Structures are given as C-alpha cells and as structure tokens.
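This report refers to the structure that appears directly beneath it.
The values are calculated or read from the model by the stated rules, or taken from the named source; none is laboratory data. Remember, predicted model here, so these are calculated numbers, not experimental data. Neighbour counts are summed over all protein chains in view; Cβ atoms, including those assigned to glycine, are modelled from backbone coordinates with ideal geometry.
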Amino acid sequence: MNTPDAYLLPVYRTIGESLIRELAKLMSIPGMISLAGGYPGPELFDREGLRASADEALSASPTACLQYGPTDGLPALREAITGWMAEAGTRCEVDDILVTAGSQQGFDLLVRTLLRPGDAALVERPTYTGPLRLLKIAGVTTQTVGVDHQGLDVDELESLLRDAASGRLPRPKLLYVVPTFANPSGATMPLSRRLRLLELAVQYGVVVVEDDPYGRLRFEGEPQPHLTSLVDRVPGARDWVVHLGSFSKVIAPGLRTGWLIAAPAVRRACLIAKQLDDLSNPGFTQMTVARYLAAGRLRAHLPVILQAYRERAQAMREAIQTHLTGRIEVGVPEGGMFMWGRILSGASARDLLKQAIEEKVTFVAGDIYYADQVDPTTLRLSFSTPSPAQIHQGIARIGLALNSMSIR
Ligand SMILES: Cc1ncc(COP(=O)(O)O)c(C=O)c1O
C-alpha cells in the first residue's frame, strides 16, 4: 500500500534530529546541568520592559499590531533597526532592511533565492548547524574553510578560491560566516581579515553572508566593525555582502525577530520568497520590539545581560583551570555564549558526552559542526544559561567524566 511517506524527499528521511534538541530533553532529569544549549539565560529576559512595550504598542498602534502588514516589515521597526545598527557603527537606511523571523529565516531566504541543487557554498570548519542542514536539504555542495582563534582562515579561503577559479573545484557562489563570537568556535575576526575577506569576495564573485546574532554580546575588548559597514573601504564590495541581524540573543528568541540587509536585487528576491513563506512577521511582535527599542529599553537592559555573561564566562574559565587543565584546552572569547574546546588525550567528545550525562552534565560534541574534516575531539561549552555555581559544578563533573573514561 502506498503512503504519503513514499513521496517524502529522500533527504528528509535520512537527515538526523538536532543533537542539541535531543540534549535539551535530558533537562527533565533532576539535577542535570546543561552547558549545551545556545539559549539566552531565561532570568535575563526583560519581562517588565517587554510587557510595557507590548501594552504601549497595542494601545498606540492597534491596527499595525493586528492587521496584515508589509512583508518587508513595519516602518517603525525598520526605523528602530537602523538606530540599533548605527549604535554599532553601521549606517543603513530603512529601505535597506527586510525584517525576518530570525537570522535562520534570513539564511533560508538566501539559499532559496541564490542557490540551486548542485551549486557549491562555503562554510567555516566548524560552523553553526542550521546552515549546514539547510544547504544539505537544498542539495548544495558544501566546501569548508578552517577557523583559528581569529576566525575564518583567509589564506586557506584564498587558496580554495584560486583552485575553484582554475576549475579544480566547483566555484562557490556563497560563503556563510559568523565573524563575531562565532557559533561554535567563539572566535572573532580582526579587521585585517575582514577587509581581506571582502577583497576576496569581490575578486572571486562570492556572496558573503555575515550572520551576526552575537556581535552585541561583547563583555570584554574592543568592538569589531560589521563586514557590511566596511563595504565602502573595498571597491565593489557593497553588492557582495549580506548582513543577517537578530534580536534572539539580546532580547528573546521567542520573538522571532531578525533582519536582512542586502543589495536591492537580492533583498527584493528575499522579500518575494518571504511573502510566499509567511506573508510577514507578526505585526504585534514587530510593534512590541519597535517600541522596546525606541523607548531605549534594550540599551538600558543590555549591560545587565553583559554583566551576567561576563561573570559566567569568568566562572567557566576558572573552573576549567581548576578541573580540566592539561586535559581540555579551550579558546577564551570576549563575548557571545560559547567556549570551544579540544580533548588533549585524543578521546572522542561523543564518548565523553556519554560519560558526562552519567555525571549529570551536558555539552555539545563538536562533530555536528563540521561539514567535513571532522575533529571528533572537539566540544562546545555554553556559559549563557547556568549560574556561576552551576558552571563550576558542571565543569567539575566533566572532570569526573574524563577520570572515569581513563579508568575504563
Ligand atoms: C550563528 C547563529 N545564527 C543564527 C541562529 C538562529 O538565530 P535566530 O533565532 O535569529 O533565527 C543561531 C542560534 O543559535 C546561531 O547560533
């Protein structure tokens, strides 16, 4: 008997569930500590500010909140986003902005409008799982460029693009990169690499997608400019850079509010794709976020979030020094939510994770972040949700898990 299952595209039968969602289910076990999810600390959500903003939005603009609205987003929110970008040193116009249901939707729109099955795209090695899965489902071939503590290795990128130009590799149309506090590596690209990346994009005709959900979560060091703010310094770069912004990590992911900035033709194609997808973001959410920003509530609340993440990152650094020195080495980020580590004995992080779950702590095994050249000894530790005390305890438990691995 035929069933609808028989019609499913094969890729949907074979693609796995997200490891992170699987790990999230373990949180129902009493006493489990999660160093796994890239979720904001829930006690850091500004409930009062958001409630006030929602009330004000509904009272002042009921029609905008409740009626169908423009696909590219309500003008009040787009205006507020230009202000938010300007605070980070990036000038953009209201008309440059397409409001999206988060950065994830922004990337989906780009894949749908720019890439065909069989095309090639570049990602970092390691990179965020969302784009890896999207590219796979779209039938796009992924090529990878290594990452060090300064983010994308632009020398490796250049040599890959040279090979592609000479026909030794498929020519990539697009590069997906998280230049600031990357997921999972935590790394941030310095200015020199950013400029070089733009030069290579122009020279080889590659669309650079700058995904920036974490950039404003800087608790130490000096800010780096968005790639999209550097386009005037590299002739021809303006057309090749797409910026994906998000309020998920700084306000709340449940609001599903992000934005895309791209050259007019690409932005227009994404607008059409979004129209067919969800018509527009919800008006009520858009007006609430617009009000939240316009009232200066995000600017006022962000330091609270940064202070908490600063303390949590510090706690993780100290705990790693106490319990894991000589056994796991980690990069220390100046912001974001993640530390990226490597087990020095060469043991697999999957095996360590199994043992760690026994000890009631979770983290993410690094293998899921690789399109190729998987390093099975890598792992991602997130410090955004647990308290400093839980972080100390969680890292100590990873130490115990390592002990019992070496005993077995
Ligand atoms: C690098 C990166 N991009 C995008 C997202 C998803 O962001 P959004 O909630 O804006 O869709 C995440 C979430 O973890 C992420 O780490």
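Summary of computed values
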{"quantity": "Qualifying position, being in contact with a Phe, Trp or Tyr (Cβ under 8 Å, 6 or more places away or on another chain), within 18 Å of K249 (Cα to Cα) and in the same structural domain as I81 (by TED's automatic domain parsing), among L279, L293, L306", "calculated": "L293"}
{"quantity": "In the range 287-311, the residues that are in contact with a helix residue (DSSP H, G or I) (Cβ under 7 Å, 6 or more places away or on another chain) and over 30 Å from Q67 (Cβ atoms)", "calculated": "V304, I305, A308, E311"}
{"quantity": "Search result, residues across the range 152-177 that are within 16 Å of the ligand (Cβ to nearest atom) and over 22 Å from G139 (Cα atoms)", "calculated": "L152"}
{"quantity": "Matching residues in the range 47-60 - criterion: being crowded, with 19+ Cβ neighbours inside 10 Å and polar (S, T, N, Q)", "calculated": "S53"}
{"quantity": "Residues within the range 197-214 that are within 16 Å of the ligand (Cβ to nearest atom), part of a loop (DSSP other than H, G, I, E, B) and β-branched (V, I, T), tallied", "calculated": "0"}
{"quantity": "Filtered residues of the range 180-194 (kept if within 14 Å of the ligand (Cβ to nearest atom) and more than 14 Å from E222 (Cβ to Cβ))", "calculated": "A182, N183, P184, S185, G186, A187"}
{"quantity": "Verdict on V266 being over 17 Å from the mean Cα position of the chain (by Cα) and surrounded by fewer than 24 Cβ atoms within 10 Å (Cβ to Cβ)", "calculated": "yes"}
{"quantity": "Yes/no for R256 being among the basic types (K, R) and either closer than 23 Å to G118 by Cα or within 16 Å of the ligand (Cβ to nearest atom) (or both)", "calculated": "yes"}
{"quantity": "Of all residues in the range 226-248 being of a type outside the set (A, V, I, L, M, F, W, C), assigned to a helix (DSSP H, G or I) and under 22 Å from the mean Cα position of the chain (by Cα), the one that is farthest from the ligand (Cβ to nearest atom)", "calculated": "S229"}
{"quantity": "Residue within the range 263-280 that is closer than 22 Å to N183 by Cα and of a type outside the set (G, A, S) present", "calculated": "no"}
{"quantity": "Pairs with Cβ under 7 Å, 6+ apart, first in the range 254-266 and on the phi > 0 side of the Ramachandran plot, second acidic (D, E) and more than 16 Å from the ligand (Cβ to nearest atom)", "calculated": "none"}
{"quantity": "Inter-residue pairs, beta-carbon under 6 Å, first on the phi < 0 side of the Ramachandran plot and in the range 201-219, second in a strand (DSSP E or B) and within 11 Å of the ligand (Cβ to nearest atom), 6+ apart", "calculated": "V209/Y176; D211/L244; D212/G245; P213/S246"}
{"quantity": "Qualifying residue in the range 114-132 (condition: more than 16 Å from the ligand (Cβ to nearest atom), outside any loop (DSSP other than H, G, I, E, B) and β-branched (V, I, T))", "calculated": "no"}
{"quantity": "Residues being away from the ligand (no atom under 16 Å from the Cβ) and of a type in the set (S, T, Y) - total across the range 133-151", "calculated": "1"}
{"quantity": "The range 102-111 - residue that is more than 7 Å from the ligand (Cβ to nearest atom) and under 14 Å from the mean Cα position of the chain (by Cα) and, of those, surrounded by the most Cβ atoms within 10 Å (Cβ to Cβ)", "calculated": "G106"}
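Condition check ((1) buried (at least 19 other Cβ atoms within 10 Å of the Cβ); (2) in contact (Cβ under 8 Å) with a residue 60 or more places away in the chain; (3) over 15 Å from L198 (Cα atoms); (4) touching a Lys or Arg at 6+ places or on another chain (Cβ under 9 Å)) across all residues:
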site: R133; (1), (2), (3), (4): no, yes, yes, no
site: G139; (1), (2), (3), (4): no, yes, yes, yes
site: G167; (1), (2), (3), (4): no, no, yes, no
site: P170; (1), (2), (3), (4): no, no, yes, no
site: V177; (1), (2), (3), (4): yes, no, no, no
site: A182; (1), (2), (3), (4): yes, yes, yes, no
